[in-house]
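Written below as structure tokens is the structure these notes are about.
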Amino acid sequence: MATTVGTEGDFKDLVTNLIYLEHDAIAAYDSTIEKLSDPSLSQQIAQFRDDHHQHLSVLKDIAMQSGADAPAGGDMKQMLTTGKIALANMMGEGAILKAMKTNEDDTVAAYERARDHHDAIPASREFFAKALADEQRHREWMQRTSEQL
């Protein structure tokens, strides 16, 4: 399911929804780490999860500065992000990484839109561009690695 995060008209709503998205992503990473049997894959996934924790920290700062809500957890989409991982687990590690790649498709789209949001100030735009680069790197690794398994 494609995300609509980044299409918000209001910058505060954008930041709040990005926070939800990051909470959902972290939950999916936790689920993935639990299900992978290859320690080297789990280690790489944990490093990517650390990027999401860092994104969440910056987004909370942006929320505080802009007056946006900073939810403490994910939303209903979390069931979709983690549910894909649970289903893919039945088909092996390659399928798990392919499911994670689809989650990364959503974060890439969200940060592309956020970077270009009309109300983004230069500092937030810079962060959104950095987060986008992280997400593109995660997605590329998941695609490449899933094809090798």
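Every number in this text was worked out from the coordinates using simple rules, so none of it is lab data. This is a predicted model, so every value here is computed, not measured. Neighbour counts are summed over all protein chains in view; Cβ atoms, including those assigned to glycine, are modelled from backbone coordinates with ideal geometry.
Taking packing as the residue-averaged number of other Cβ atoms within 10 angstrom, the listed peptides 58-68, 128-138 run from highest to lowest as 128-138, 58-68.
Under the simplified labelling scheme, the residue 50-residue 149 pair shows an inter-label distance of 2.1 nm, with each label point 7 Å from Cα along Cα→Cβ.
How would you rank 24, 10, going from fewest to most other Cβ atoms within 10 Å of each one's own Cβ? List each step's numbers first, then the result.
Details: 24 26, 10 12.
Taking fewest neighbouring Cβ atoms as first place, the list is 10, 24.
Take the Cβ-Cβ distance between residue 70 and residue 38 as r, set R0 to 41 Å, and report the resulting FRET efficiency rounded to the nearest 0.05.
Numbers: r = 35 Å, r/R0 = 0.85.
In this case the efficiency is close to 0.70.
The length gained on full extension between residue 137 and residue 121, counted as 0.36 nm times the residue separation minus their Cα-Cα distance, comes to 3.3 nm.
Between beta-carbons, use under 14 Å as the cut-off and find the net charge around residue 144, counting Lys and Arg +1, Asp and Glu -1.
Working: positive: 98, 101, 137, 139; negative: 93, 104, 140, 147.
Taking every other residue near residue 144 into account, the sum is 0.
Could you tell me which label, among (1) 53; (2) 38; (3) 58, carries the value of percent of Cα pairs over 21 Å apart calculated for this structure? Step by step, percent of Cα pairs over 21 Å apart for this structure corresponds to label (2). Within the same chain, lysines fewer than 8 places from residue 35 are excluded, and of the rest, those with a Cα less than 17 Å from its Cα are 84, 98, 101.
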